[in-house]
Amino acid sequence: MLFKTITKENFKKMVEGLLEENEVIGPRSRDQDLGGNKIYRFLKINSFEELEMDYTRSYSSPKNYFLPFEEDLATYRLNDKDWEQEIRYTIHPRVIIGMRACDINALLKLDQVMLKSVYPNPYYFARRRNTLIIGLDHEPLEDCFCRSMNTDTVFHGFGLFLTDIGDRYFVAINSDTAYIILNQFDAREVTEEDQERYKTVKKQIESKFKTQVDITILPELMDLEFESEIWKKWGHKCLSCGSCAMVCPTCYCYGIEEDTNLTFTKATKRRFLYSCNLLDFAAVARGHNFRPDAHIRLKYRYYHKFRGFVEAFSQSLCVGCNRCGKACLAGISPKAVIDDLIKTEKK
Amino acid sequence: MKYLGITLERPKIGVFDFTGCEGCQLQIANKEEDLKDLFDLVEIVNFREISSDRREDYEIAFIDGCITTDSEVARLKKIRKQAGILVAMGACACLGGVNNLRSRFSLSDVIREVYDRHHINTGPVRKVADVVHVDIELPGCPISKPEFEWLVRHLVLGIEPQFPKYPVCVECKQRLNSCVLDMGLMCLGPVTRAGCNAVCPRNRLGCWGCRGPSEEANFESLIEILREKGFTEEHIAERVKFFNAFSGVLNSDR
Amino acid sequence: MNLKIPKHDINLEPFMVGPPDFNRQTVLMQTERGFKSEVVNIVKLTAIEKLFQIRISEPCERENFTFLPGQFVMLELPGCGEVPISISSSPSNREFIGLCIRKVGKVTGMLHRSEPGAMVGIRGPFGTYFPMQKMVGRNILLIAGGLGIAPLRSPIYWVNEHRSEYKDITILYGVKEPGQILFDYQFEEWRKIYDLNLLTIVQNPDENWKERVGLITDLFEDISIDPENTFAIVCGPPVMFKFICTYLANIGIPRQRMFISLERRMHCGMGKCCRCIVGSTFTCLDGPVFDYWTVMNLKEAI
């Protein structure tokens, strides 16, 4: 991998330049929670000043810029008994600034499903191909457990990845497009001093992880504790509201619905992000529901994340961002649930 | 009109107002640019707000408002007899709605307060389903025109409409709204049927439950959460009872 | 300065040209491109089931479309929705696809109202198939409950077309009431021409019913099974699998030689939407045809 550094001054110029030519998405705050903490989200930014490079964590992951919550897969022109199907993949070049290592790792996991497995997803592919990602390192928050999930560092899947080393960013470069852009802003070769500072910052980041989740035998535990009472305990609290899946950077389950206009001359086939926690996720036409209870649905979400995905791709489908834990009003977090599972096992 | 080679019948529709603000009827009349298409699809034979026709040969009846008087009961029963499909439309018809707020007081006090000494014939607030069998409930306060049109398409096709079973949170999160509960506001989104695009939380109001409960909603958990967040029992009751959507949820109801 | 993110327009890629081949799973990109097809014939089978004969309109798409017994297609009514349906015609029939469809929901309900000439969309084929090659030289026991006979028609056709390759073929078919029996107009042909043994049973007989009464498992009393040399194909409601497969396992048929077809809600057919996951297994990719050993290891499969 190539590394360079860029001054913060020049980085600002680069963002301003990118803003002139492209749509740029970045972390912005709009509201505050009760504790006075800013609530961040990834939104379109219009000026460098709107971009909050010191943000903590976005409430929702930026996955919707790759897998929109809703998208039209096909449209149809209907005419009496006949119809014509039309499919256009959205081509919308843009830049996303500020994605964390965990979020980029989340995309790499989605890549496994959407690009590298059978039946590649062209809609995802079109967005992925037309997005330049500029990642950003940060000091872990209290509840970040990406280190346990081995997603605290990232080596590909981005254009540039920035680490703040004082007055400059240490930049990992991973694509030609990004390389060309960076070089237009006096990016300089890494000096020995830069490298020392980078090492110090990285060590500091590493030393600040507070939350650990033990996933050593988690896949086996998911099977062994399939009938465990802990699922009922957490399921009892679960609101089956799907918030966890919506904010999650890797949840990709969806539903498809078709509808027509009022004159039955046009139809659309629409994909919408769903959640396996929602009541009718596994309901079939005759009314039978394969997962009728909240605790069973909750269990399956974990089962998919920590067992099913591991089986298919030798990695779990969780990046340890704890967004689901934060968004869950009922206080269901992966850390709490997994700790509980491990405790039950030890008894 | 034909769809996939199937000839579509043009059903005759009646829209009837009972006790309410008529806002739901207004929603149907709104979005004028679509009205022609709507009338091509269905024949409106009885709808006071938009037409002087008063035909009694409607096949589908939309009921706006709750039921409060004896004459309304009689009229509703008559409509039920005629209509093959009866749709309760909006929070008042589906739940009792805002009108139900008066049920907290004695009826005679309410009448005295509002009408002073004028004689007025009014009884307890009842939702449509308390009086006659309801085939379809179209929720919302007011109903949304797109959802109304969506329902009409289903009625024309003769397909049973499937309203979202999940709560408002799904749509709220999809619109990247900040969670108003995190911001200290009361919200019933986690137990209220989605389909409104989370319009209230989006405007930082919190959800009032106008679309009624989501299916198998976990009230117990939400009320526990609201208590933990420091909302008083009064505040919780005020919100939960507002549209009469969640009767029997609070212990104080039982 | 050159700061414009280069546009990669995949709409211009070579894969956009020509009909999609759903059998090339790893490179198929036009995943939502359906084959426009005409409903050429509709056969009413029972009060709630009809057989739809569907012909892909474009000759080159029709020629491309090949499937194996047990696979399914996603059948789409534009504007209404899409449903997974097992193919119940012969893989060698390249002119039309037979789909036996019960009226249960929105899409199937509309389809039941349609008339010959209606245009529908077909994507597929998807999923795993009954390994007919592995069964060469053996007996095959096909067991169907209710609508489960629909996916079995495809292997039945296959067996007939390759009759000399297989030994004894037995079909056990059970339904609740005589009026629910499907494809009875073919039974005589199956028995006489296909040279197979077909036994039927109903739970609630009417006065005209002359064959067995009881549960499908009762039919085991009427046949002899050579466990060493028999493969089983089982299709029907989930409760049936357990009883039948347990019985067959007890008499010595290896679980890897029993094949069942699972049914789940599917929205995509391509292992993406996750609606059909059983445990961690996608019914659409790893199924719908599974051997019983695999099913036994799936959480909450049946």
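Structure data summary
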read-out	value
Area hidden from solvent between C and B (accessible, protein heavy atoms only, 1.4 Å, total, Å²)	800
Distance between region C:1-69 and region B:7-28 - C-alpha centres, whole angstrom	41
For region B:193-240, alpha-carbon Rg over 2.2 N^0.38 Å	1.19
For a label point 7 Å along the Cα-to-beta-carbon line of A:ALA336, residues of region A:134-154 with backbone N under 18 Å	A:142-145
Paramagnetic label zone (point 7 Å from Cα along Cα-to-C-beta, A:LYS343; backbone N under 19 Å) in region A:318-336	A:325-326, A:330-336
Rg to Rh, two decimals, where region A:218-346 supplies the alpha carbon set and Rh follows Kirkwood	1.04
Length released on extending from A:VAL190 to A:LYS44, taking residue separation times 0.36 nm less the Cα-Cα span	49.4 nm
Phi-based couplings in Hz for region A:131-142 (Karplus 6.51, -1.76, 1.60; Gly and Pro marked x)	10, 9, 9, 10, x, 8, 6, 7, 7, x, 7, 2
Cα long-axis angle, helix B:70-82 against chain B (0 to 90 degrees, to the nearest 10)	50
Within chain A, longest stretch free of exposed GluC sites (Glu not before Pro) [DSSP loop, at most 13 other beta carbons within 10 Å]	A:1-141
For C:GLY70, distant residues with modelled amide H under 5 Å away	C:ILE87, C:PHE130
Most fluctuating residue given options C:GLY34, C:GLY146, C:GLY137, as computed from a GNM of chain C linking Cα atoms under 10 Å	C:GLY137
Chain C: most fluctuating residue of C:ILE143, C:ILE223, C:ILE101 per GNM, C-alpha cutoff 10 Å	C:ILE223
Value of relative contact order over chain C, rounded to a whole percent, pairs C-alpha under 8 Å and six or more apart	16
Value of Rg/Rh across chain C [Cα atoms, Kirkwood radius]	1.01
Chymotrypsin sites (Phe, Trp or Tyr not before Pro) within region A:151-240, DSSP loop, no more than 16 other Cβ atoms inside 10 Å	A:PHE155, A:PHE226
Radius of gyration and Dmax over the Cα atoms of chain B, both given in Å	19.4, 63
Shape parameters for the protein assembly as shown, alpha-carbon atoms, Rg then Dmax in Å	30.4, 97
Span from the region B:106-150 Cα centroid across to the region B:193-254 one, whole angstrom	20
Using a Förster distance of 25 Å, the FRET efficiency for A:ILE180-C:ASN11 (Cβ separation, nearest 0.05)	0.50
Heavy-atom surface of region C:65-179, accessible at 1.4 Å and reported per residue (Å²)	29
Kirkwood Rh in Å, taken over all unlike Cα pairs in chain A	22.0
Accessible surface of the protein assembly as shown [probe 1.4 Å, protein heavy atoms]: carbon and sulfur percent	49
Added length on full extension, which subtracts the Cα-Cα distance from 0.36 nm per residue, A:GLU142 to A:THR75	19.5 nm
Within-13-Å neighbourhood charge of A:LEU73 [Cβ basis; K, R +1; D, E -1]	-3
Principal axis dimensions, largest first and in whole angstrom, of region A:274-338 by Cα	38, 31, 18
Chain A - share of DSSP beta bridges that are antiparallel (%, nearest 5)	75
Label-point gap, in nm, between A:GLU229 and B:LYS145 - each point 7 angstrom along Cα→Cβ	5.6
Estimated FRET transfer efficiency (B:ARG202, C:VAL136; beta-carbon r; R0 45 Å; 0.05)	0.10
Unit charges at the beta carbon, dipole of the protein assembly as shown: most positive-side option, C:PHE15, B:ALA74, B:ALA194	B:ALA194
Cysteines in chain C that, by Cβ-Cβ distance, have no pairing candidate under 4.7 Å	C:CYS60, C:CYS80, C:CYS100, C:CYS235, C:CYS245, C:CYS276, C:CYS284
In sequence order, calculated HN-Hα J values of region B:114-129 (Karplus, 6.51, -1.76, 1.60; Hz; x Gly/Pro)	8, 10, 6, 9, 5, 6, 9, 9, 8, x, x, 6, 10, 6, 4, 5
In nm, spacing of pseudo-spin labels at A:GLN204 and B:ASP57 (7 Å Cα→C-beta vector)	8.3
Loop-located trypsin sites (Lys or Arg not before Pro) in region A:135-199 whose Cβ has at most 12 other Cβ within 10 Å (DSSP)	none
Within region C:67-128, GluC sites (Glu not before Pro) in DSSP loop having at most 15 other beta-carbon neighbours inside 10 Å	C:GLU95
Buried accessible area, chains A and C (both chains, 1.4 Å probe, Å² to nearest 100)	5700
Spin-label pair C:GLU63/C:ASN204, simplified geometry with 7 Å Cα→Cβ offset, distance in nm	5.2
Inter-chain shielding of B:158-171 (mean C-beta neighbours from other protein chains, 10 Å cut-off)	5
Among A:GLY159, A:GLY17, A:GLY135, residue whose mean-square fluctuation peaks in a GNM of chain A (springs only between Cα atoms under 10 Å)	A:GLY17
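The values are calculated or read from the model by the stated rules, or taken from the named source; none is laboratory data. Here the structure is a predicted model, which means the values were calculated and not measured. Note that each Cβ is placed from the backbone with ideal geometry, even for glycine, and that neighbours are counted across all protein chains shown. Quick note on the areas: whole protein, heavy atoms, side chains included, nothing else; ligands and nucleic acids left out. Shrake-Rupley method; radii C 1.70, N 1.55, O 1.52, S 1.80 Å.
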